[in-house]
1. Read phi for every residue in the range 275-289 and hand back ³J(HN,Hα) as whole Hz from Karplus 6.51 cos²θ - 1.76 cosθ + 1.60, θ = phi - 60°, with x for Gly and Pro.
2. If we count other beta carbons within 10 Å of each Cβ, what is the order of 152, 205, fewest first?
3. Determine, for 104, 192, the number of other Cβ atoms within 10 Å of each Cβ, and report the residues in order from fewest to most.
4. For a quick check, take a GNM of the chain with Cα springs below 10 Å and name the residue from 11, 110, 132 with the largest mean-square fluctuation.
5. Would you mind ranking 190, 256, 128 so that the residue whose beta carbon has the fewest other beta carbons within 10 Å leads the list?
6. What FRET efficiency, computed as 1/(1 + (r/R0)^6) with R0 = 41 Å and r the Cβ-Cβ distance, is obtained for residue 153 and residue 213, rounded to the nearest 0.05?
7. Can you find, among 228, 22, 121, the residue farthest towards the positive end of the dipole of the chain? Put +1 on the C-beta of Lys and Arg, -1 on that of Asp and Glu.
8. Along the charge dipole of the range 73-180, Cβ charges K/R +1 and D/E -1, which of 100, 79, 163 sits furthest on the positive end?
Amino acid sequence: MSIVKLLTSSAFMMSLALIVALITNFAGWFPSETLDANIRSNLTIIILAAMLTVSLSRIPYKNLNPLAHKRSVARAIALILIASIIPLVGYYALKDTEYGAQAMGLVFLAATPFAASVAPLSYILRGDMEHALRGTIVVYVISLLWIPFIVWITLGEIIDIKNVFITVIELIGVPLVLSRLLTRFEISRDIMATFLNCCIFTTVWLSVGSTNFAGSSAFIFLVFAIIAALRSFGLGCGLEVAEKRIGIPWAQRVTDILMVSYKNKGIAIATCMAVLGPTGLAPLAMVAIATSVIVEISWVIFMDSILFSKKRMMKELESEAC
C-alpha cells in the first residue's frame, strides 16, 4: 500500500495516532515541559479551527435552508440531543464522588456536536449526503449557543462563561465564516483527506499522549470506557438495529448513525483545555475525554471494517434496488 493511501485512510491514521500517543504516554516521552497545558490548548484550537474551516468549506450553499427541510433538520438536532444524554448522566452520577473533577470531562463530550467528517464519511459510505451537509451546518450554528449552555448549567459555578463563548467563537464561529470563502476553491479528495488525517493525528497525540492515566484509578478509567462505549457502540448499533427493523434505507441509516455516535472530540478537547485550564482541573477532566478518544477510534475502525463494510454496503444497496 502506498504512502498516499495510508495518509488518506482515516482508520489507519487514527489507529497509528492512538498507538503513537499511548507509547509516548506510558513511556514518559511526551515533552510536557515544552508543550505545556497552555501551548497544547492554543495548538489544539488552531488545528481544530483549520480542520473545521476546510471540512465545512466543502458544504455548498445549495439545499441548506432549514425551513425548507424541517424533518431533516429536526432529525439532526434530535440526534445530537440523544448523543448528549449518556455523558450527562455519567457526569451527574459521578459529580459528588471522589471522581467529580475527572467527570467534568464528560460535560464537554456531551456539549460537543458530531464530527464535521460526518459529511465526507456519508459520501464514502453512500449515505444521505444532503442530510449530512445540511445537518452539519445547522448543528454547528446551534452549537455556538448549545456548548456554552451545557457548560454553564453543569459547571457554571467554577468556570468563566465569557471564556467559554470566546473559545466557541474561535473554534466554530470563525471556521463557519472562513469556510464560506473557500467554497469556490477546488481541493482534491486526497489532499483534503491527508490534511484532515494529519490534523487528527496531531490532536490525538497532543491529548492522549499528555493525559495522566497513571494518576487515575483503574476503576474510573473502566467507568469512562463503559460510558464511551455506550455512547458510540451502544447508540450506533442500537440505532442501526432499530432503523433497519422499521425499514429505514441504507443512506439515511448511515448518516443517522454517524451523527449519533461520532462526536467531534477535538472540540471537546479544546474547550476543556481552554475553559478548565485556568482552574487547574483540565488535566483531571482530560482523562474522560482521552478515554473516549480511545474508544471512539475503535468504533471508527469497527464501522469501517464491519458495520459499514463495502461487502455489506453493496449487498444492502442491491437488495433495496430490487
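1. 7, 8, x, x, 8, x, 9, 4, x, 6, 5, 5, 4, 5, 6
2. 152, 205
3. Values: 104 29, 192 16.
The most exposed by this proxy come first: 192, 104.
4. Per the Cα network of the chain with a 10 Å cutoff, 11 tops the list.
5. Listing 190, 256, 128 from fewest to most nearby Cβ atoms yields 190, 128, 256.
6. 0.90
7. Toward the positive end, the furthest listed residue is 121.
8. 79
FYI, it's all coordinate maths here, none of it is from the lab. Model, not experiment: these values are computed from the prediction. Reconstructed Cβ throughout: ideal geometry from the backbone, glycine too, with neighbour counts over all protein chains shown.
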